Structures are given as C-alpha cells and as structure tokens.
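The values are calculated or read from the model by the stated rules, or taken from the named source; none is laboratory data. Nothing here was measured: the structure is a model prediction, and the numbers come from that model. A quick note on method: Cβ atoms are made from the backbone with ideal geometry, for glycine too, and the neighbour counts reach across all protein chains shown.
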Amino acid sequence: MRSQLALLGLIALIAIPCSKSLAEESGPEFRYDLSQTLNFEATKTPARPGVSPDGTMRAVVDFKMIRVLSVADGKLLHEFATPNRAMSPTFSADQKRLVYADCTGNLACKSTVYLRDLETGKEATVGDCYGITLRFAFSGDGKRLAMVSMYGPILALIPKQRFGKQVAGEIAIFDLENNRELFHTAYQGPGNAVENEAARQLLPIEITLNDDGSTLLVAAPSGVVHVLDIDQPHKRFSATVPKKFPKE
C-alpha cells in the first residue's frame, strides 16, 4: 500500500511540471473563436405532447374533455370541456398555459387552435388549419407558436385535384401577443400516412422554434431537415442527415 502511494506521489510530481511546460509552449494555433463554439448539451426540455416540461403534469384527452393530472399521484389539477374533438394538448414553457387543437368535420378535419390559461380558465382562439394536428411548439419566450398538421386520404384528394400536387399537411406559425398568423405553408407527401409506414417517414413530426421564435426547424423521420426564417420564409436551409449513426 505504501509503495502504491509513493508511486502516485511521484507521478503527480512529474505531471505538474509537464502540464506547466505544455501550457507555456506555443503549441497548435487554434483558429476558432471560443465565444462562437457550439454546445450540444440540452438547455431546456423540449415540449412533448401531453407532458409538462418539468414532467410533473400530463394532459389527457377524452374526446370533448381535457384533464390535467399530477404525474406523481394522478390527482386531478384542471378539467375543462372542448367544443369538439380535442387533440395534441401541449404545455407552454412556463407551464401556465395549454394549447390544443379542436377538430371539426367527419371526412376532412379542420383544426381550430385554442390557448388556455390553466389558472384563470381564460381561453383564446389562436388560428386554424386543415388536417389532424400532429405537433405544437412554443418559442422559448412563449410569444410564438408553431403547429404541423396531417391530411387524411380524403382531404388530400382536394389539393391533388385542384393544384395537381400531392399535399400531405400544413405548417403554421402564430404570433400569440398580437393574435395573428405569421406564416402558413404546406408540405408534400403521400396522403395515406395513417396506413402507410413509408409515408409516415415523410411526416414532419419534429418541429421546434428558437427562443425568440424567428427560426423554425422542421424534421421528418426520413432524415430531411428544413430550417426557415419566419420573417423571411424564402430564406431557408434544407439538408438530409443520417437517421442513425453508422456502426464502426
């Protein structure tokens, strides 16, 4: 045991001057700016449909009813009725508000978006789009909201006949402070994603806004990623990334 401690002490004595000499030498000339480095550590928990950012609450949809429950003990925290079929309830970053889509129509769903203050029960209409709502995403500051919808096979026939293109759903951005729509577009793809696994790979099910809501990132399981400047939508970047890292 004593010999091991002596050996460790000797290594430490050798390491100290070595580290000093390495720091004092000029070494490689790094060309990057440390203030501009990238950090892939998550700084916040991304919104998941039905689960609060801190994981303490969950929103459950029961057709025309939404219930907010405590994850720890299942205690009912909030409960309210919705006009029609509710879907995709999503908490804001501060967990004080809940956004959800309300679907009307039997063959073709039109989703009206509602934003509810959980404490006061006050509710406001944000906007609407056609199709079943897949995802919502708040900006970090809570001032903007993004949504993506998916057409069903019947609704998808209408733009195919009218425009000659296979449209699969819509993407919209809303300004919550001024209650107005900022951006609205559609994405192409087969209109039978509900029944077709290959078609589901083309659905933009991952969306996120940056902190001030000026940039939208949309990604599909296919690996295709689109980054859009919301205030200047023609400025966009698109790329395809590997769905899985290659095995060594």
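For LEU202, the criteria (1) more than 16 Å from ALA108 (Cβ to Cβ); (2) part of a helix (DSSP H, G or I); (3) of a type outside the set (Phe, Trp, Tyr) hold in every case but one, which is (2).
Can you find a residue that is part of a strand (DSSP E or B), touching a residue at least 24 places away in the same chain (Cβ under 8 Å), out of contact with any Leu (no Cβ under 9 Å at 6 or more places or on another chain) and of a type in the set (A, V, I, L, M, F, W, C) anywhere in segment 104-123? No, every residue in segment 104-123 fails to be part of a strand (DSSP E or B), touching a residue at least 24 places away in the same chain (Cβ under 8 Å), out of contact with any Leu (no Cβ under 9 Å at 6 or more places or on another chain) and of a type in the set (A, V, I, L, M, F, W, C). The set of residues in segment 89-119 that are among the polar types (S, T, N, Q), within 22 Å of ALA168 (Cβ to Cβ) and touching a Phe, Trp or Tyr at 6+ places or on another chain (Cβ under 6 Å) contains only THR90. Filtering segment 147-178 to residues that are part of a loop (DSSP other than H, G, I, E, B) and touching a residue at least 60 places away in the same chain (Cβ under 8 Å) leaves only LEU176.
Here's the yes/no breakdown for (1) within 21 Å of the chain's Cα centre (by Cα); (2) of a type in the set (Phe, Trp, Tyr); (3) surrounded by fewer than 22 Cβ atoms within 10 Å (Cβ to Cβ):
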position	(1), (2), (3)
VAL99	yes, no, no
ASP102	yes, no, yes
LEU107	no, no, yes
ASP117	yes, no, yes
GLY121	no, no, yes
GLY127	yes, no, yes
GLY131	yes, no, no
PHE138	yes, yes, no
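Is it the case that some residue within segment 172-179 is farther than 18 Å from SER92 by Cα and touching a Phe, Trp or Tyr at 6+ places or on another chain (Cβ under 6 Å)? Within segment 172-179, not a single residue is farther than 18 Å from SER92 by Cα and touching a Phe, Trp or Tyr at 6+ places or on another chain (Cβ under 6 Å). What are the pairs with Cβ atoms under 7 angstrom where one residue, in segment 212-237, is among the basic types (Lys, Arg) and surrounded by 14 or more Cβ atoms within 10 Å (Cβ to Cβ) and the other, located anywhere, is modelled with pLDDT under 90 and outside any strand (DSSP E or B)? Sequence gap at least six, or different chains. Listed by first residue and then by second, the contacts come to nothing, as the list is empty. Residues of segment 124-146 that are assigned to a strand (DSSP E or B) and more than 21 Å from GLY105 (Cβ to Cβ): ALA124, ALA137, PHE138, ARG144, LEU145, ALA146.
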